[in-house]
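The values are calculated or read from the model by the stated rules, or taken from the named source; none is laboratory data. Computed from a prediction, not measured in an experiment: that's the story for all the values here. Neighbour counts are summed over all protein chains in view; Cβ atoms, including those assigned to glycine, are modelled from backbone coordinates with ideal geometry. Areas reflect the complete protein model, heavy atoms only, side chains present, ligands, DNA and RNA absent. Shrake-Rupley method; radii C 1.70, N 1.55, O 1.52, S 1.80 Å.
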Amino acid sequence: MTPLATVMSGPRARLFACFLRLGTQQASPLQLHTGASLAAKNHYEVLVLGGGSGGITMAARMKRRVGADNVAIVEPSERHFYQPIWTLVGAGAKQLSSSGRPTASVIPSGVEWIKARVVELNPDKNCIHTDNGKEISYKYLIIALGIQLDYEKIKGLPEGFDHPKIGSNYSVKTVEKTWKALQDFKEGNAIFTFPNTPVKCAGAPQKIMYLSEAYFRKTGKRSKANIIFNTSLGTIFGVKKYAAALQEIIRERNLTVNYKQNLIEVRADRQEAVFENLDKPGETQVISYEMLHVTPPMSSPDVLKTSPVADAAGWVDVDKETLQHKKYPNVFGIGDCTNLPTSKTAAAVAAQSGILDRTISLIMKNQKPVKKYDGYTSCPLVTGYNRVILVEFDYNAQPLETFPFDQSRERLTMYIMKADLMPFLYWNMMLRGYWGGPAFLRKVFHLGMS
């Protein structure tokens, strides 16, 4: 599949992007680590559940704390993906192949990779069980199991993805279907959805809407497209400053936004989507589509839902400032699987990793954690093929911006950062445990302004 050619304008922007694009290349050959094929131990000082962004990052940090031989990661997947780039893959601006690497290449060297799936947590006995029948004990446990995609909770999915005109940027199996649906669009409704559950990267469902609108303009199809964003929420975004900027874009580009509308069924053979009005339960509406982008319902992984470490909603129950479990002092959580009251993003994981590193190091010394997580999260809201609004905020939904300018404005520089610099930081710094978010940059800029 050939990406959309025109992504940025201006020779200097293209030169800068080419330089930064080096960050999307493989940084190093496969890391040397103890693989599952060798005899694995059954006890580790630090056991990490999950080999996503939070798990790999914390394993790298813990390796420096206690040594590689004392750290293990439990993760069944053979490939690791940088998922934030899938927004651009779905819009034809990036190749899917650029988003993934072998899991073996990102696990810190010397750290044990237990290639299995967690099926039970027993924090009262400091052990877990895997799907291959092994019991593994630990001194400290870090839970980084991410979030579960529940496509099957929408009637007609996931089998509906076998039909054309429908895609989803949230799965490696369906993200290229979004680009195909975009290319094949002729005339009619282009519908984008947001479910009635917590989601990861809450800006992504509308990013693909803005990119699709830009694609329709570039290809002369805009006048034939009725673009609809049906969201289960009651507002376009939870931070007022950025919501105002997005509302202006929606008005200028003649986009239709319907609130409190939840996708409950897809009739892919008839190209129909069924929505329930959340303000009037039981009231439904059927809308035909020429293109449909589905954001699936999401939940905590099944293994956590009934686990002793979960809260009533199934999420890992951690202190929102220290990330230490509220009941089990040697258990910690990071990222999407936790009940931290902030947006679930890779940027949030980066910020949390620095805090959690300090928390665990002090716990190991029998000291009280002092560094506090403020809820920092970020969502580069892509509003076109060369524009981004860089959203950053805290637990209180107050802007927590890095740069000394108004970040609610669309900017080419922020697009370049999203498309090229952030992948570089992810592969080369964050996963190696050296990127804890932009807090230090904020301090530098704010000192410079004072």
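Could you put CYS379, CYS201 in order of accessible surface area, largest first, with the 1.4 Å probe and the full protein assembly present?
So, going from the largest accessible area down, we get CYS201, CYS379.
Tell me the angle of helix 439-449 to the major Cα principal axis of the chain, expressed in degrees between 0 and 90 and rounded to the nearest ten.
70
What accessible surface, in Å², does a 1.4 Å probe find on TRP86, ignoring ligands, DNA and RNA and rounding to the nearest 10?
Near enough 10 Å² of accessible area.
Probe radius 1.4 Å, ligands and nucleic acids left out: which of ASP317, ASP269 has the largest accessible area, and how do the rest follow?
Sorted by accessible area, descending: ASP269, ASP317.
What FRET efficiency comes out for THR413 versus LEU441 if R0 is 22 angstrom and r is the Cβ-Cβ distance? Round to the nearest 0.05.
Approximately 0.95, to the nearest 0.05.
Select from LEU425, ILE236, PHE216 the residue farthest towards the positive end of the dipole of the chain; place +1 on Cβ of Lys and Arg, -1 on Cβ of Asp and Glu, and compute about the Cα centre.
The one lying farthest along the dipole's positive direction is LEU425.
Please list, by residue number, everything in the stretch 396-427 whose backbone N is under 13 Å from a paramagnetic label point 7 Å out along Cα→Cβ of LYS240.
Under cut-off, by backbone N: 397-399.
Give the carbon-plus-sulfur fraction of the accessible surface of the chain in %, rounded to a whole number; probe 1.4 Å, heavy atoms of protein chains only.
Answer for the chain: carbon and sulfur cover 52 percent of the accessible area.
Find which of VAL172, TYR289, ILE128 sits farthest along the positive direction of the dipole of the chain, computed with +1 on the beta-carbon of Lys and Arg, -1 on that of Asp and Glu, about the Cα centre.
VAL172
For helix 53-66, what angle does its Cα long axis make with the longest principal axis of the chain, in degrees from 0 to 90 and rounded to 10?
20
Using Cα positions and a limit of under 16 Å, work out the aspartates and glutamates in reach of LYS63, with same-chain residues fewer than 8 apart set aside.
Once the sequence-local aspartates and glutamates are set aside, what remains near LYS63 is GLU45, GLU112, ASP357.
Taking a spot 7 Å from the Cα of ARG64 along the direction of its beta carbon, which residues of the stretch 100-128 have an amide N less than 15 Å from it?
Within reach of a label on ARG64: 108-109.
Please build a GNM for the chain, connecting alpha carbons under 10 Å apart, and tell me which residue among GLN367, GLN148, GLN407 fluctuates the most.
In the Gaussian network model the winner is GLN367.
Hey, for a label at ASP162 modelled as a point 7 Å past Cα toward Cβ, could you say which residues of the stretch 257-291 have their backbone N under 16 Å away?
266-271
On alpha-carbon atoms, Rg over Rh for the chain using Kirkwood Rh?
0.96
Apply the Debye scattering formula to the stretch 342-415, with a single equal point scatterer on each alpha-carbon and no solvent, then give log10 I(q)/I(0) at q = 0.12, 0.13, 0.18, 0.19 Å⁻¹.
-0.42, -0.48, -0.74, -0.80
Can you give me the accessible area per residue for the chain, using a 1.4 Å probe, in Å²?
42
In a Gaussian network model over the chain where Cα atoms closer than 10 Å are linked, find which of GLY110, GLY146, GLY384 has the largest mean-square fluctuation.
The residue that fluctuates most here is GLY110.
Could you state how much accessible area ASP357 has, in square angstrom rounded to the nearest 10, with a 1.4 Å probe and all protein chains kept in place?
20
Choose one answer from LYS177, LYS41, LYS125: the residue with the largest mean-square fluctuation in a GNM of the chain with alpha-carbon springs under 10 Å.
The residue that fluctuates most here is LYS125.
How far apart, in nm, are two points set 7 Å out from the Cα along the Cα-to-Cβ line at LYS173 and at GLU272?
Between LYS173 and GLU272, the label points sit 2.5 nm apart.
With a 1.4 Å probe and every protein chain left in place, tell me how much accessible area ARG270 has, in Å² to the nearest 10.
It works out to around 150 Å².
Counting pairwise Cα distances across the stretch 151-299, what percent come out greater than 18 angstrom?
53
Of HIS163, HIS80, HIS129, which has the most accessible area and how do the rest follow, probe 1.4 Å?
From most accessible down to least: HIS163, HIS129, HIS80.
To the nearest 20 debye, what is the magnitude of the charge dipole of the stretch 151-299 about its Cα centre, counting +1 on the Cβ of each Lys and Arg and -1 on the Cβ of each Asp and Glu?
520
Calculate, for LYS125 and ASP319, the FRET efficiency according to 1/(1 + (r/R0)^6) with r their C-beta to C-beta distance and R0 30 Å; round to the nearest 0.05.
Efficiency computed from Cβ-Cβ geometry: 0.85.
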